[in-house]
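The values are calculated or read from the model by the stated rules, or taken from the named source; none is laboratory data. Predicted model, so just to flag it, every value in this text is computed and none were measured. Here the Cβ is made from the backbone with ideal geometry for all residues, glycine too, and neighbour counts use every protein chain on show.
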Amino acid sequence: MSSTTQEGIKKWFDKTYLTKGFRYLRPIDAYEIFATALDVQPGSKHLDVASGLGLLAKCFANKEVNVDGIDLSPEAVSMAKEYCPEAHFQQGNAEQLPFQDRTFDTVTCIGSIERMLDREKALQEQHRVLKDGGKLCLMVRNSENFTWRFIKRPFGLINKEGHQDALNRDEWTKLVERSGFTIQQTYPDHWPYYRLLKTIMPWRKIDTSRIINFPYPLELAYEFIFVLQKSK
Ligand SMILES: C[S@@+](CC[C@H](N)C(=O)[O-])C[C@H]1O[C@@H](n2cnc3c(N)ncnc32)[C@H](O)[C@@H]1O
């Protein structure tokens, strides 16, 4: 993985967004859970790091949150600007955020930190731009999950060009704590469950913003949702 370059990751995402567009990402309903996890307020200032096509930005802007987004891929940024003109997007690297200290009430980084070459630097930057006591919501891949452990890793199905990676709960915990955050909550990713409900009951209105207590150990989750607070 270490042979992957920043330019290579950018090119891979540009190509993926050009060929797959919105099909590459989850639908907008899947982003509601992050608004609930952070309890975002109208008029607050939010930063979405690795903002992709602007789906989370659109979901938060619909709640009258002021959203900034930054992404490595110029293609993603141009599609996001068209999809969500209410937010402000720019191209850039999460490891060097172009914002002043203590600018944002809340920050998200969804399905992306594992793609970054220097994760600790990216987390320190998110910490820097958060106001004191501000909250960060991360969604990150779990390396103990069945698919990663028994299919993706042994059969070499990990996407190296896009720098796909995973850590276990303990490794993620140590990394975020080292970067100056206190863990407030850890949830399993809810989308696989909500997607299943929507598939088997397409006629039913499903509230995808609801946080659920699942009856299985968190260690089995496909991805973790961490809610973190800037602690120092
Ligand atoms: C799997 S996509 C997720 C997009 C978005 N967070 C979402 O959930 O819809 C990963 C994103 O991370 C971005 N990315 C990867 N490395 C980055 C970096 N160092 N700085 C900023 N964005 C980065 C990619 O360009 C891509 O848009």
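Overview of results
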read-out	value
Count of residues meeting criterion [basic (K, R) and more than 9 Å from the ligand (Cβ to nearest atom)] in region 23-38	1
Residue under evaluation Y31, criteria (1) buried (at least 20 other Cβ atoms within 10 Å of the Cβ); (2) in contact with an Asp or Glu (Cβ under 9 Å, 6 or more places away or on another chain), criterion not met	(2)
Matching residues, region 51-105, being in contact with a Gly (Cβ under 6 Å, 6 or more places away or on another chain) and loosely packed, with under 15 Cβ neighbours inside 10 Å	P98
Residue check for D48: in contact with a Leu (Cβ under 6 Å, 6 or more places away or on another chain) and buried (at least 20 other Cβ atoms within 10 Å of the Cβ)	yes
Those residues of region 101-122 which are touching a Lys or Arg at 6+ places or on another chain (Cβ under 9 Å) and more than 23 Å from N62 (Cα to Cα), in sequence order	D101, R102, I113, E114, E120
Matching option when the condition is among the polar types (S, T, N, Q), modelled with pLDDT of 95 or more and either away from the ligand (no atom under 11 Å from the Cβ) or more than 28 Å from I183 (Cα to Cα) (or both), among Q96, Q41	Q41
Selection from region 54-71 of residues that are within 12 Å of the ligand (Cβ to nearest atom) and either under 12 Å from the mean Cα position of the chain (by Cα) or farther than 22 Å from H190 by Cα (or both)	G54, L55, L56, A57, G69, I70, D71
Of all residues making up region 194-232, the number that are surrounded by fewer than 13 Cβ atoms within 10 Å (Cβ to Cβ), outside any loop (DSSP other than H, G, I, E, B) and of a type in the set (S, T, N, Q)	1
Members of region 40-60 that are of a type outside the set (F, W, Y) and within 22 Å of K205 (Cα to Cα)	L55, L56, K58, C59
Residue within region 153-164 that is on the phi > 0 side of the Ramachandran plot, touching a residue at least 24 places away in the same chain (Cβ under 8 Å) and surrounded by 12 or more Cβ atoms within 10 Å (Cβ to Cβ) present	yes
Single residue of region 17-48 satisfying the filter (under 18 Å from G69 (Cβ atoms) and of a type in the set (K, R)) that is nearest to the chain's Cα centre (by Cα)	R26
Among residues of region 108-130, those that are within 9 Å of the ligand (Cβ to nearest atom), in a helix (DSSP H, G or I) and among the aliphatic types (A, V, I, L, M), counted	2
